[in-house]
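The structure appears below as C-alpha cells.
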Amino acid sequence: MSLTGTAVALLQVVLTIAAAPFLVGVMRLIRARLEGRVGPPIVQPWRDLRKLLGKDRMVSDNTGWVFSIAPLVLLASATLVAGIVPFLSTKSALDQVGDLFAVVYLLLLGTVFLSLAGLDAGTAFGGMGSSRAMTITAIAEPTVLVAIFALSVSTGSSNLGSIVAATLAHPATAASPESLLAFAALAVVTIAETGRIPVDNPNTHLELTMIHEAMVLEYSGPDLALIELAAHLRLVVFLGLLSNLFVPWGIATTAQPLQLLGAAVAVAVKIVVLAAVIAIVEVFMAKVRLFRVPELLAASFVLAFLAVTASFFLA
Amino acid sequence: MVGVALGIAAIAATLAMAAGCVLPERARVVWVGILTAASATAGGVAGIAVLAGSARFTANYPDLLPLGGIRIEFDALSAIFTVAAALVAVPASIYGIGYGLHGPSSRPVQVAYPLLVWSLMMVPAAGNVTGLVVLWELMAISSLILVLAEHQHNPEARTAAQWYAVVTHLSLLAIVVALLILAHGAGGESFAAMRSGAGRLGPGVTSVVFLLALLGFGAKAGVVPVHVWLPRAHPEAPSHVSALMSGAMVKLGIYGVVRVGWDLLGGGPGWWGAVVLIVGLASAMFGILHALLASDLKRLLAYSTTENVGLIFIGIGAAGLFASTGNRPLAAVALAAALLHVINHAAFKGLLFLGAGSIHSATGTRDLDSLGGLARRMPVTAATFAVGALAIAALPPLNGFVSEWLLLQSLVHSLPSKAVAVAVAMPVAVAVVALVGGLVAATFVKAFGTAFLAMPRSVEAEQAHESPRTMQIGLVALAGMCVALALAPTVLAEPLRRATVAVAGLSSGRPIHTNGVYLQLSGIQAGLSPLLLATGLGVMMVVALAVVRRRRVHHTVRDIPAWGCGRTLQTARMEYTATSFAEPLQRVFDDVLHPEIDVDVDHRTESRHYIEAIRYRRQTRDAFEQRLYLPLLGVVRRAGDAARRVQNGSIHRYLTFSLITLIVVLIAAR
Amino acid sequence: MSKTAFVQLLDLAAGLVLVISFAALWLRRLATVARMIAVQGLALAAVAAVIGIYEHESELVGVAVLVGILRAGVLPGLIRRAVRAGDELREVESIINVPASLLAASALTLVSYATTRDVVALSPAPQVRAIPLGIAVVLIGMLMIVTRRKAVLQMMAVLMIDNGIALVMFLGTSGVPLAIELGIASDVLLAVFILQVLTNRIRTKFGGTDLDQLRALRD
Amino acid sequence: MAVPRVVSTRFGAGGEKHRHKPEHDRERAAVLNLVRKIIRVGRVTEPHDADPAPLEGVVAATADRLHGSVQVRQVDAGSCNGCEAEFSAAFGPVYDVERFGVRLVASPRHADVLVVTGPVTKNMAEPLVKTFEATPGPKLVIALGDCARNCGVFAGGYGVAGAVADIVPVDIEVPGCPPSPDAIVAALRQIAGR
C-alpha cells in the first residue's frame, strides 16, 4: 500500500463525492430540457444536501439502532467502493484490498442495510420497499457475477486494475462480442440497482410503485442527506465502473498530477455521456410493472451468460 | 501434545456424562455444561495444534473392540472438522447451561449431550473402519436422543425423530457397505492400508464405493435428495443441539465424502467431481428457496444449512473437476474455499441457531410472523444475530464473505480450460452461487428484519426479555469468532495449506498466500484484504458521522410515531410480515416451488360486497418428500402389508419356516 | 482487411445473429419479433459479406446482397403481412414463461457449444469457431416452434431456423455457391407461402391461429 | 405578468387523424412524434421576474435556513381539487417552479414546506396535524387558496373543522379561488429566495 496509491484513492473518493450530486443535477436538467422546462440548476442537489444537514433528525419510537446506522453503512460502503474502482489511475492503493467481487458485495451490504432500515420503520410502505429492493437485488446478482466472470476470463483476473490494464493493452477487446454483451448486461443491472426507469422511478410520489423511496420514507434531515448522497454516489460508481471497465481510455497509468487531471476529465466526460443517455431514454420510457422486472433481469442474465460462453469459445 | 489434549477431551466428556447421570437437576446442567465445554476446548486445542504444524497423531487400540480395534489418525483434514465441531461446541455448551436451566434438563439429554460433542470431535479422528462406524453410531444415537428431548410437549419432535432415525441408519448402511468393499479390495481396514491398497480395485468398483459413500455421507450432510430429515430434525432439537447438528454434524458428511473419495480412493475420474458439483448446485438452490419461504425461524435455518452444505459441495466438486483436468493449484483453492466455509459455517450457523434458541425461550415461538421488535427487548441477541445474518449473507467484512470470495475466485479462474465439462459447468455454477448469494441476503434480511425490528406482532414478543448471561456469553463468543475469522487471513493460510495437502487426490501446493494483511491466491492475480475493508468501512462511517454532527445545527426529535400516511392508528398488523416480505420472490420462483396458497374471504351477511375478513395462508411442501419419499413409503407399507399375511400367529407355521430355512442353509452351505 | 479486424467483425456479426434469436424470444409484440427476424437476416448478410470481402470472393458478396434482400426484405415482409392480417391479440403467447424460455435457450447454446467442440477443434479458422452460434440459432428456432402458440410465430421460427442453417453453411464452407443458396431460399419462400396460406385458411375457418385450439380437430 | 403562450398539447405533429395503422408503425410514430415535438416546441417555460418579494420576520429566518432548497409536501385537507389543478400547473413546463429549487417529495419527513389546500374537513384534521408533526423543522406551512385561508364557500359546513390556521400554524397565505399558478410560484420563490 504505497503512499501515492493511498493519495490517489483519497483523491478519487473526494472527487467522486464532490461530483456525484452534480451528476444528478445534470440528469435532472437534461430531463427538464427535454420536457420543455428550464429545470433546476445543477448545483441544486448540493443545496438540497446542505439544507438537509441543518434540518431536524426525526427518529420514530418504533426504530432502533439499525435505523440509525443504516445511512452510515450505506454511505461508507459506497465511498469505499468509490475508492476501489479505478476512476483516475490503475495504480490505486485499494486495488489489492478488494476486487470486483468485493465491490459487488460491498454494494450489496449497503442495500441490505437500507432494506433493514425500511423494515425497522415498521410501516407498510417501508416493508414493501425493502421486500422489492431485495427481490430485485437478488435476481440481479447472477447477472453481475456472471458478467464479471466474462470480464475476468479474457483478462485472467477479477482485479479491477488488471482488467482495465488488459483492455488498455489490447484495445480490440473492447469491441469483442463478449465485452459488448457483458456491457449490455451490466448496463441493465446498473439501471435496476440505481433505481432508474424502467425498474424504479426516482421521482415517484405514489407509494405503491416505489422501491427505493419507500424504504427511505421515514428518514429526515441529516440521515436523509447521507442516504441521498450515497444514492448519488452509487449512481456515479456504477456508471464509472461501466465506462472504465469497457472504455478505459484516458485513465492514468501512473500517479503524475497531470495525468490524473486528464483522467479525471476523461472519466467525467464518459460518466456524463452515460448519464445523459439514461436521462434521455427515461423521457421516452415508462416504468414497467414490477413483475415484468424479472423478465428484464433474465434477459440481462442471458446476455452475461452469452458473454461468458463467447469469451470462452470464441477466444 | 495432541494426544494429551485428545485424552483430556475424552476424560472431560466422560466426567460430563457421569455428572449428567448422578448429579441433581440444577447442578447437573451446570456441570455438564462446564465439563463439555472443557472437553470441547481440549479437542479444539488438539485440532489447532495439528493445524499449526504439530505432527499428525496416530494411536492404535487393537484390544478395545473386536474386529480391528480402534485406530486414531488425526491429520490436518481431521483437524479442520474437529476444530469446526469444537468451535460450536464450546459456546453451545456454555449456552446450554442457561438454556437447560429453563428447558431440557432431564438425565438422558444431559448424558447424551457430552457424548454427542465428543463423538463429533472424534469421528474425523477415526483411523479405521471399525472406529469410524462405532463413533459414527455413537454420534447418531446421541443426537437422536437429543432430537427427542422435547417430545413430551412437542409431537412434531416424534415424527422428526422417526425420519431422522430411518435416514441416518440407511445412510450408515451405505457407508458400511462402501467401506467394507473398499477394505476388502484393499486388503486392510485401517485407513493407511486402504489408502495404499485402493489402487488394486478396478475403476468400476471404486466408482461404486464412491457413489455409495456419497449417498451415505451425503444423507448426513443433508444434500438433495437425501436431505428430508434435516429440515424436520434440526428445528425440533433444543437450540444448542441444533447448533451442533447444523454447525458440526452435517460437516462430517462432507468430511466423509472428501476422506473416502479423494483421500482413501485417491481421487477418480472427472465425473465424480461433476456429480458432487451437481448435487451441490441442486442443494444450494433448493435449500435457499425453501429457506426464503419458511416463516419458522429454525426451519429457515435448517434449510439454509442444506444451502451452505451445497456451497461446500460445489467447492469440493469443482476441486474434483479441476484436479481431473490437471489444474491442481486451482483445485487447492477450491478445496480451501470449501474447508474454510466448513469452519465459517460452523461459526455463523451455530450463532444463528443459538440466537433462534434465545428467541424461542424468550417468546415461546419460532414463527417469524408473530415476532418483531425484539431488538430493543433483547439487545445482545439482536446484535449477535445481526452479525450472524450478515456473515451468512457473505457480506464484507465478515467471515462468510472470505470463503464465498475464495469459492468464486476458484470457479471464475477455471477458464480457459480444455475440458468441456468445466466450460459448461462453471458459468452455471457461478450463476447459481450468485443467485443463491442474493437470495441468502433476502432471506436473512427477512429473518432479522421481521424478528428483531419494528413493532412486536404478538403479546409474547412484546413481553420478551433478554436471555440469561450464560446464553449471552455463547452468542457473543460465536459472534466474535465470525469477526475474528474474517479479519485474520494470516492465521488461515498455513492451516488451510496443511489441510488441503492432506487430501492427496485433489490438490497440491499452497492455495493462499498472505503477508499479514492481504489474502492472495496462488496462480491467480487477485487480492483481498478483509481487514483493510473493515477498517475502510469503519473510518468512512466515523468520518460521515463527524461531518453530520459537526455543526450540531440540527436537533434530534425522538419518540414520535412513525409516518403512517396520516392514519390515526399505526399498528403491528400493518407491518410487512415474513410471509409478505418473501411474496415477490415467491412469485418469481412460482414455477419451481409450486406453493399452495389458500385465500379465504369471509363476506358480511348483509352483502357480498362487504368483506369481514381475509385469510391468506401459504405453504411450500418439499417436492422431494411429496414426489419421492411418500410414494416410496407407500410401497414399503404395501410390501409390509403383504408380508403380514405370512405372519398369522400360528406357531406351527413359524416352526415350518425355521425348518425350511435350516434346510435351505444346509443345501446352500453344502 | 487485417486478420484481427476480420475475426472481430465476423464474431460481432455472427454473435448478433444469435443475440437476435434471444431478443425474439424475449420480446412480446408479434410485430417487433418480426422486425427482429428481419434484422437477423441483415446480420446474416453481414456475415457473408465479411467473409466475402476478407477472402476476396465477389460471388460471396453477391450472395450477401441477395441474402440481405431476401431475408431482411421479402420474407419478413410476407410475415409482417400475416401479422397484420390477423385481428387477434398481437402479443406473443407462450407455453412457458419468458425467463424460462430465455434460460432454456441459454442451455441450448451451451449444448451447441459442447457438442460441436470436436468439429471446431479440427480447424483453427475463426469461421469454424463461430459454427456453434449457427447451431444454437437453429436450436433456439426449434425451441420457439415448440413453445409458441401462434402459427405466425411458427413461421418466424422457421425463418430463424433457416437463418441458423445458412449461418452454419457460410461459416462451415467459407461461402455457399450462389445456386445452392438460391435453391434453399426458394424452398423457404415456398414454405413460408404454404404456411401463410395455411394460416389464412385456419383463420378463416376457426377465427384464430392458436395451435392449442387445433387439438380439438384431432378426433 | 406574462400571459402564457398557448402550446399545442396534442400528441403528434400537425393534427394527427386517427387512422388505423399497424401497431408497429404507430409505435415507431409515437417515438418519432415525441422527438419531433421536443425539437419543435423547445422550451415553453416563461421567463421569470427579477426577484421575489422578500419575506419578513420569523418566516424569513426559517426560509433562510433552507438555503434555497424547498421540498414540498402537498396536503389536500378537503379541497375541491381546483387548487390542486393550479398547483400542479406550477410544476408543469410553463411555470416550472422546479427551476427555483422547489421539488415535490413523497413524505413529510423529506419536506420543508407543507402546502395545504381546502377547508380542513373533520376527517382530515387529525391527518393534517400528524403530517405537520411528522415534518422536521425548520418548516413552513402555506395555506393555498381561499378555502384554506378562511374556508371560502364551505365556511360553516357541517363537515368542516375550520380553516388551516385553526388546525396548524400557517406562515404564508396564497389567496385566490383558485390561486393562479403565478401566485403559487411567487409564494414558493419567496421561500426559495430566488
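Of C:Val137, C:Val168, C:Val119, C:Val111, all but one fail to be surrounded by fewer than 24 Cβ atoms within 10 Å (Cβ to Cβ), modelled with pLDDT of 85 or more and over 17 Å from A:Ser311 (Cα atoms); the exception is C:Val168. Annotation: of all residues in the stretch B:155-212 being small (Gly, Ala, Ser) and assigned to a loop (DSSP other than H, G, I, E, B), the one that is nearest to the chain's Cα centre (by Cα) is B:Gly188. Being assigned by TED's automatic domain parsing to the domain that holds B:Ala447, under 17 Å from the mean Cα position of the chain (by Cα), in contact (Cβ under 8 Å) with a residue 24 or more places away in the chain and buried (at least 24 other Cβ atoms within 10 Å of the Cβ) is the requirement here; does B:Gly320 meet it? So B:Gly320 does not fit the description; no. A Cβ distance below 6 Å, combined with a sequence gap of six or more or placement on separate chains, defines the contacts here; from the stretch C:124-143, residues that are at the interface with chain A (Cβ under 9 Å from one of its Cβ atoms) and under 17 Å from C:Phe22 (Cα atoms) reach residues that are aromatic (Phe, Trp, Tyr) and surrounded by 22 or more Cβ atoms within 10 Å (Cβ to Cβ) in the pairs C:Pro132/C:Tyr113.
Being of a type outside the set (Lys, Arg), facing chain B (nearest Cβ under 8 Å) and under 19 Å from A:Gly240 (Cβ atoms) holds for only one residue in A:Leu108, A:Leu53, and it is A:Leu108. Tell me, please, whether a residue that is of a type outside the set (D, E, K, R), within 14 Å of chain B (Cβ to nearest Cβ) and not in a helix (DSSP H, G or I) can be found in the stretch A:8-28. For the stretch A:8-28, residues of a type outside the set (D, E, K, R), within 14 Å of chain B (Cβ to nearest Cβ) and not in a helix (DSSP H, G or I): absent.
Which of the residues that make up the stretch D:148-183 are assigned to a loop (DSSP other than H, G, I, E, B) and among the aliphatic types (A, V, I, L, M)?
D:Ala155, D:Ala163, D:Val168, D:Val170
Condition first: in the same structural domain as B:Ser414 (by TED's automatic domain parsing), of a type in the set (Gly, Ala, Ser), free of Cβ contacts under 8 Å to residues at least 60 places away in the same chain and in a helix (DSSP H, G or I). Can you find one or more residues in the stretch B:292-303 that meet it? Checking the stretch B:292-303: not a single residue is in the same structural domain as B:Ser414 (by TED's automatic domain parsing), of a type in the set (Gly, Ala, Ser), free of Cβ contacts under 8 Å to residues at least 60 places away in the same chain and in a helix (DSSP H, G or I).
Got at least one residue in the stretch B:256-263 being farther than 30 Å from B:Arg617 by Cβ, assigned by TED's automatic domain parsing to the domain that holds B:Phe448, among the β-branched types (Val, Ile, Thr) and crowded, with 24+ Cβ neighbours inside 10 Å? Scanning the stretch B:256-263, I find no residue that is farther than 30 Å from B:Arg617 by Cβ, assigned by TED's automatic domain parsing to the domain that holds B:Phe448, among the β-branched types (Val, Ile, Thr) and crowded, with 24+ Cβ neighbours inside 10 Å, so the answer is no. Taken together, B:Leu330, B:Leu335, B:Leu281 contain a single residue that is part of a helix (DSSP H, G or I), of a type in the set (A, V, I, L, M), outside the structural domain of B:Ser242 (by TED's automatic domain parsing) and surrounded by fewer than 24 Cβ atoms within 10 Å (Cβ to Cβ), which is B:Leu281. Here A:Arg28 fulfils each of the conditions (1) of a type outside the set (Val, Ile, Thr); (2) closer than 30 Å to A:Gly118 by Cα; (3) buried (at least 24 other Cβ atoms within 10 Å of the Cβ) apart from (3). Close contacts from the stretch A:58-84, counting a first residue that is free of Cβ contacts under 8 Å to residues at least 24 places away in the same chain and facing chain B (nearest Cβ under 7 Å) and a second that is crowded, with 22+ Cβ neighbours inside 10 Å and among the aromatic types (Phe, Trp, Tyr), with Cβ to Cβ under 9 Å and a gap of 6+ residues or different chains, come to A:Val59/A:Phe67. Report the residue count in the stretch D:101-121 for those that are crowded, with 24+ Cβ neighbours inside 10 Å and closer than 22 Å to A:Ile42 by Cβ. The total comes to 4. Filtered by the rule that a residue be touching a Gly at 6+ places or on another chain (Cβ under 8 Å), in a helix (DSSP H, G or I) and surrounded by fewer than 21 Cβ atoms within 10 Å (Cβ to Cβ), the stretch A:233-268 gives A:Gly262, A:Val265, A:Ala266.
Across the stretch A:123-160, which residue is surrounded by the most Cβ atoms within 10 Å (Cβ to Cβ) among those that are touching a strand residue (DSSP E or B) at 6+ places or on another chain (Cβ under 8 Å) and of a type in the set (Gly, Ala, Ser)? Filtering first and then ranking leaves A:Ser158.
When C:Ser58, C:Ser106 are checked against the criterion of being under 17 Å from the mean Cα position of the chain (by Cα) and either at pLDDT 80 or above or among the basic types (Lys, Arg) (or both), C:Ser106 stands alone in meeting it.
Go through the stretch D:110-128 and give me each residue that's within 12 Å of chain B (Cβ to nearest Cβ) and within 19 Å of B:Leu569 (Cβ to Cβ). Of everything in the stretch D:110-128, those that are within 12 Å of chain B (Cβ to nearest Cβ) and within 19 Å of B:Leu569 (Cβ to Cβ) turn out to be D:Asn123, D:Met124, D:Ala125, D:Glu126, D:Pro127, D:Leu128. From the list B:Ala423, B:Ala441, the lone residue that is free of Cβ contacts under 8 Å to residues at least 12 places away in the same chain, within 8 Å of another protein chain (Cβ to nearest Cβ), aliphatic (A, V, I, L, M) and out of contact with any Cys (no Cβ under 8 Å at 6 or more places or on another chain) is B:Ala423. In this entry, A:Leu145 is excluded by the filter for residues that are assigned to a helix (DSSP H, G or I) and more than 7 Å from every other protein chain (Cβ to nearest Cβ). Of everything in the stretch A:191-223 that is among the hydroxyl-bearing types (Ser, Thr, Tyr) and surrounded by fewer than 24 Cβ atoms within 10 Å (Cβ to Cβ), the residue that is farthest from A:Leu296 (Cα to Cα) is A:Thr204. Only one of the listed residues (B:Ala52, B:Ala84) is within 25 Å of B:Met481 (Cα to Cα) and in contact with an Asp or Glu (Cβ under 9 Å, 6 or more places away or on another chain). That residue is B:Ala52. Taking the condition under 30 Å from B:Phe444 (Cα atoms), assigned to a helix (DSSP H, G or I) and more than 9 Å from chain B (Cβ to nearest Cβ), does A:Gly127 pass? Taking the combined requirement at face value, the residue does not satisfy it. Is it the case that B:Pro584 is at the interface with chain A (Cβ under 7 Å from one of its Cβ atoms), modelled with pLDDT of 85 or more and within 20 Å of B:Glu462 (Cβ to Cβ)? The answer is no for B:Pro584. Of the residues that sit in the stretch A:274-311 and are over 19 Å from the mean Cα position of the chain (by Cα), more than 8 Å from chain C (Cβ to nearest Cβ) and assigned to a helix (DSSP H, G or I), which one is surrounded by the fewest Cβ atoms within 10 Å (Cβ to Cβ)? Per the stated criteria, the residue is A:Phe291. Scanning the stretch B:526-578 for residues that are more than 7 Å from every other protein chain (Cβ to nearest Cβ), in contact with a helix residue (DSSP H, G or I) (Cβ under 6 Å, 6 or more places away or on another chain) and over 24 Å from A:Ala9 (Cα atoms) gives B:Thr577, B:Ala578.
Take the conditions among the small types (Gly, Ala, Ser), farther than 19 Å from B:Phe348 by Cβ, part of a helix (DSSP H, G or I) and within 22 Å of the chain's Cα centre (by Cα) and apply them to B:Ala447. Does it pass? Criteria not met by B:Ala447. What number of residues within the stretch A:85-105 are more than 7 Å from every other protein chain (Cβ to nearest Cβ), among the small types (Gly, Ala, Ser) and not in a helix (DSSP H, G or I)? Qualifying residue count, the stretch A:85-105: 2.
The values are calculated or read from the model by the stated rules, or taken from the named source; none is laboratory data. Everything numeric here is computed off the predicted structure, so don't read it as measured data. Glycine gets a Cβ as well: all are built from the backbone with ideal geometry, and neighbour counts include every protein chain shown.
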